[in-house]
Every structure is written in structure tokens, then in C-alpha cells.
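What follows draws every value from the coordinates through simple rules; no lab data is involved. Note that this is a predicted model, so its numbers are computed, not measured. Note that we place each Cβ from the backbone using ideal geometry, even for glycine, and neighbour counts take in every protein chain shown.
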Amino acid sequence: MAICIGRRQFITALGGAAVAWPLAARAQGARAEKRIALLTPGRESDPTAQRVVSALPQRLEELGWHVTKNLVMTVRWGASDPTRAAQLAAEIINTAPDVILASNAISLVALRPLAGSIPIVFVQVPDPVGMGFVASFAYPGGTITGFTNYEPSIAGKQLQLLRQIAPRVRQVGVLLDPRDITNILYLPALKEAGPSADVTVAELPVPDDTEIDSVLAAFAAKPGCGLFVLPGPFALNHRERITTAIQLVSLPAMYWDRSFTALGGLASYGIDVADNYRRAAEYVDRILRGAKPADLPVQTPTKYDFVINLKTANTLGLTVSPGLLSIADELIE
């Protein structure tokens with residue numbers, strides 16, 4: 001089902017509410033001149049996913065691309081595992097888009113063999129060179145370019161911030177989905193950063209959401225433990241369960257996204273994903289106007305957010321220093 005976005009949804013999103021993706025705009029959108037398509041692991045029912053994705057059409061409208069006038073936008077949600085992503089990627093190709101956006105590595109892996117000469121702009125791929133998607137950051141080559149969601153020093157920063165908030169932490173358990181290629185790529189940097197943060201890093205693979213509670217309970221029995229939840233569709237789609245389970249074992253935890261902190265997580269430090277979507281819209285605009293992906297360099301994140309939940313810190317018996325309070329982008333009380 002093709003889902004198009006109307007002007008009133010841009011206005012709603014600018015007001016901070018979740019974006020609706022109405023079917024009514026379909027008939028008007030069919031007369032548009034250009035077609036773009038997005039494949040994302042997010043769930044359509046998730047307000048956080050809606051808010052992030054809405055940054056794309058908002059920025060496109062600012063650049064002169066209006067649904068119902070000169071643009072059709074199709075969104076396929078729920079590409080959180082390779083099998084489902086492959087099915088949705090085939091649907092994306094059938095819409096004959098002029099440009100495709102891939103939200104993450106799973107989406108890009110599914111789209112790449114089907115896209116042919118259709119340009120692809122990715123939004124959150126941690127190592128596009130190492131994964132073979134582009135030749136280099138400066139000169140991508142081929143038909144793929146985009147924006148990474150990872151820069152090596154971020155792992156050290158996340159561990160250091162956790163240690164500053166919870167100085168007694170000496171071992172950090174990393175909650176991860178072993179099926180997620182992004183999670184696997186993230187681990188080496190975390191382990192390398194461990195000594196500089198004076199912690200050891202332990203892997204806590206959780207291949208199924210039913211194992212979250214038992215894995216956390218076993219790890220929490222050890223002294224001096226803290227947690228870090230790796231980025232990915234699994235964690236996002238189960239964030240309520242993850243944050244609740246972590247609260248039950250009373251361990252300090254660092255996340256990469258504010259949505260966890262808003263649910264009661266201790267702290268989050270990571271990229272502003274909506275900003276990556278806005279920047280991706282600028283590449284889409286340039287490609288629709290004739291630019292080639294091979295000439296558009298892959299870009300790293302430029303905007304990060306540090307959020308602390310002071311209520312959770314108090315519950316855990318932690319005192320956040322004035323220095324950390326001063327550098328936080330947001331304090332949740």
C-alpha cells in the first residue's frame with residue numbers, strides 16, 4: 001500500500017505531534033512528477049518513529065518538493081529483520097521510485113541487489129565502506145551514498161558518561177541483538193574504549209525479547225555492573241520492555257536514544273536521527289535535480305544529544321555532578 005504525506009501532516013509534525021500517513025493523499029500524489037520511497041525498520045504505530053521520519057518530508061517541502069504538487073512519497077514500515085526487509089524492498093522497487101531512502105543497514109542490504117540504477121540514500125549505516133556499500137566516504141562511487149549513524153569515538157564517550165554518572169560501575173554489559181549486523185560492528189569499538197573508561201565490556205546477546213528479563217537478572221547478580229543498550233531495531237521495538245526490565249534490576253544504564261530516557265532510562269547519548277533525515281532530504285533534493293550519488297560524499301553525524309533522567313538517577317541513589325548537568329542537552333525531572 002503506497003502511503004503519501006500531505007501538507008497538514010508537515011504542520012502537525014512541526015508542532016511536535018506524531019505524523020499520520022493518510023491514504024487520502026494517494027489520488028492527488030499520483031499526479032506528482034517525482035517519486036521517492038523509504039524503507040524503515042520503525043513501526044508505523046510508534047510515535048517516535050513517526051516523528052523522526054517526518055523530518056524527511058518537512059525538509060523536502062522547504063526545498064520545494066510538495067506532496068500533491070510535484071512529489072509522491074511511499075513509506076514501507078517494519079523492515080526490522082532481513083526476511084521482512086527483503087519482502088518490503090521488492091514492494092519499494094515496484095513503485096518505480098526516482099530515489100530510494102534506506103533507513104539502516106538491514107534496509108540497504110535488502111534494497112541494494114534490487115535497485116539497479118536507482119539512486120539510494122542511506123540514513124543510518126555505521127560502516128558503509130567496511131560493509132562494501134561505497135568505495136570511500138569522499139568518493140562513494142556507484143549509486144549509493146548517505147549518512148552514517150556512527151563515529152568511532154562515540155563508544156568511548158558513551159562509556160565515559162556512564163562512568164561519570166555512576167562511578168561505581170566497573171563492568172558494562174552490552175545488550176545486543178546477535179542477528180543485527182550493526183550491533184556486531186559496534187562491539188569492537190566499545191571493547192577498545194573500555195580501558196580508557198576503566199571498565200570491562202561484556203556481551204549480553206538477546207536473540208528474543210522473551211530472554212531480556214533472564215539475561216539482565218543473571219548479569220545484575222554481579223557487583224559493580226552497568227548496562228549499555230546498542231542501537232538497532234530490536235531495542236527500539238522493545239524499548240518499553242527493556243527499560244522496565246533494567247529498572248527492575250536497578251542497574252545504571254546508558255542508551256543511544258532519548259526515547260529510552262523518556263521511558264525512565266538513566267541517560268542517553270547519541271546522534272540526532274531526525275537531523276540525519278533532514279540532511280538526507282538535501283541529498284534527495286540534489287539527486288532529483290540531477291546530481292549523481294557518486295559525487296555526493298558520505299557524511300558522518302554532526303549533532304548529538306545528551307539526556308539525563310534525574311528522577312531515575314535519584315531512584316538509583318546517584319548524584320549527578322554540576323559539570324554533567326551543565327553539558328546535558330536535556331534534563332528529565
Expressed as a whole number of Å, what is the distance separating the alpha-carbon centroids of region 171-195 and region 117-161? 17 Å
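How long are the semi-axes of the ellipsoid equivalent to region 64-190, from square roots of 5 times the Cα gyration tensor eigenvalues, in whole Å, largest first?
Working through the eigenvalues yields semi-axes of 33, 16, 15 Å.
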Could you tell me which label, among (i) 38, 24, 18; (ii) 36, 21, 18; (iii) 35, 25, 18, carries the value of semi-axes √(5λ) of the Cα gyration tensor in Å calculated for this structure? (ii)
Around VAL174, which amide H atoms from residues at least 5 apart in sequence, or from another chain, sit under 5 Å from its own amide H, with H modelled in the peptide plane? ALA202, GLU203, LEU204, PHE228
Per the rule of 0.36 nm per residue minus the C-alpha distance, extending ALA86 to LYS222 adds in nm 44.9 nm
Where nothing but the Cβ of Lys and Arg (+1) and of Asp and Glu (-1) is charged, how large is the charge dipole of region 97-183 around its Cα centre, in debye to the nearest 20? 460 debye
What's the exposure ranking of MET254, MET131, going from fewest to most Cβ atoms within 10 Å? MET131, MET254
With only helices counted (DSSP H, runs n ≥ 4, each -39500 (n - 2.57)), the per-residue ellipticity at 222 nm for the chain, to the nearest 500, works out to -12000 deg cm²/dmol
What are the chymotrypsin sites (Phe, Trp or Tyr not before Pro) within region 123-226 that DSSP puts in a loop, where the Cβ has at most 14 other Cβ atoms within 10 Å? PHE137
Length-normalised contact order of the chain, Cα under 8 Å, at least 6 apart, in percent, tallies to 17 percent
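Calculate how many DSSP beta bridges within the chain are antiparallel, expressed in % of all such bridges and rounded to the nearest 5.
Of all bridge pairs located within the chain, approximately 10 percent are antiparallel.
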Select from region 239-320 those trypsin sites (Lys or Arg not before Pro) which occupy a DSSP coil region and have at most 11 other Cβ atoms within 10 Å, ordered by residue number. ARG289
Quick one: ILE92, ILE212, fewest Cβ neighbours within 10 Å first, how do they rank? ILE212, ILE92
Count the lysine pairs in the chain whose Cα atoms sit under 26 Å apart, keeping only pairs 8 or more residues apart in sequence or on different chains. 12
Magnitude of the charge dipole, region 192-324, Cβ model with Lys/Arg +1 and Asp/Glu -1, debye to 20: 400 debye
Applying the Karplus parametrisation 6.51 cos²θ - 1.76 cosθ + 1.60 with θ = phi - 60° to the phi angles of region 144-151, what ³J(HN,Hα) value in whole Hz is obtained for each residue in order, glycine and proline being reported as x? 10, 7, x, 9, 7, 10, 8, 9
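Treating only the Cβ atoms of Lys and Arg (+1) and Asp and Glu (-1) as charged, compute the dipole magnitude of region 270-333 about its Cα centre; round to the nearest 20 debye.
Roughly 260 debye, rounded to the nearest 20.
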With unit charges on the beta carbons (Lys and Arg positive, Asp and Glu negative) and the dipole taken about the Cα centre of the chain, which residue among SER321, TYR283, PHE219 sits farthest to the positive side? TYR283
Contact order normalised by residue count of region 243-333, Cα under 8 Å, 6+ apart, percent: 29 percent
